[in-house]
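The values are calculated or read from the model by the stated rules, or taken from the named source; none is laboratory data. Note that the coordinates shown come from a computational prediction; the quantities given were computed from them, not determined experimentally. Neighbour counts run over all protein chains shown; Cβ positions are idealised from the backbone, glycine included.
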């Protein structure tokens, strides 16, 4: 198994430190996307600022549950963002999310390789290119935009752009705060790789 990650710069909030606001924030996730929100390292890190965490959670839960972008394309965009941004926790966590959602692990290496990998359909290539352009330039180029807009509604375009933008932000927060991966995520990263 991979070695444990270095100690986090911001430690997780302990149960003894929970306030009513902390519990309300964690309850938003419990029984939904996370089964054990009170043991989730990112949530317990964000819980140092429950008001901010609660507001961001409303947005993030939308991106993960009611997003109009099809699940596989959403996961390709999130995982490509994690890979390009070198966000090891996010990448490892979304290996797990993708498998939980029934996606096949044969997409993981292509996501690392980028849009030219032959695994991708023509439109999946467009999604990878759009993700890369948003990360690098903060703008989708005209050719890529035209290709996206030929398939997606304005609602889907907005969901896509906000998904990539949000996960670029989360990548910076996770990398800077040094959130540590649990043994199950380390095992997935060992099996499928992780950014360096």
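Structure data summary
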{"read-out": "Single unsatisfied condition, residue 88 versus (1) outside the structural domain of residue 24 (by TED's automatic domain parsing); (2) touching a helix residue (DSSP H, G or I) at 6+ places or on another chain (Cβ under 6 Å); (3) under 19 Å from residue 179 (Cα atoms); (4) touching a residue at least 60 places away in the same chain (Cβ under 8 Å)", "value": "(2)"}
{"read-out": "Only listed residue being in a loop (DSSP other than H, G, I, E, B), within 16 Å of the chain's Cα centre (by Cα) and more than 22 Å from residue 47 (Cβ to Cβ), chosen from 189, 194", "value": "194"}
{"read-out": "So residue 40, is it in contact with a strand residue (DSSP E or B) (Cβ under 6 Å, 6 or more places away or on another chain) and either outside the structural domain of residue 167 (by TED's automatic domain parsing) or more than 25 Å from residue 11 (Cα to Cα) (or both)", "value": "yes"}
{"read-out": "Identity of the residue in region 24-42, assigned to a helix (DSSP H, G or I) and buried (at least 16 other Cβ atoms within 10 Å of the Cβ), that ends up nearest to the chain's Cα centre (by Cα)", "value": "42"}
{"read-out": "Output for region 43-56, where each listed residue is surrounded by 20 or more Cβ atoms within 10 Å (Cβ to Cβ) and within 26 Å of residue 158 (Cβ to Cβ)", "value": "43, 46, 53"}
{"read-out": "Lone qualifier among 117, 137 - being in the same structural domain as residue 180 (by TED's automatic domain parsing), closer than 30 Å to residue 5 by Cβ and free of Cβ contacts under 8 Å to residues at least 24 places away in the same chain", "value": "117"}
{"read-out": "Filter result (part of a helix (DSSP H, G or I) and touching a helix residue (DSSP H, G or I) at 6+ places or on another chain (Cβ under 6 Å)) within region 134-147", "value": "134, 135, 144, 147"}
{"read-out": "Members of region 152-172 that are closer than 23 Å to residue 41 by Cβ and either more than 14 Å from the chain's Cα centre (by Cα) or surrounded by fewer than 17 Cβ atoms within 10 Å (Cβ to Cβ) (or both)", "value": "165, 169, 172"}
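Every residue, every condition in (1) modelled with pLDDT of 95 or more; (2) not in a helix (DSSP H, G or I), yes or no:
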{"site": "93", "(1), (2)": "yes, no"}
{"site": "102", "(1), (2)": "no, yes"}
{"site": "110", "(1), (2)": "yes, no"}
{"site": "120", "(1), (2)": "yes, yes"}
{"site": "123", "(1), (2)": "yes, no"}
{"site": "128", "(1), (2)": "yes, no"}
{"site": "132", "(1), (2)": "yes, no"}
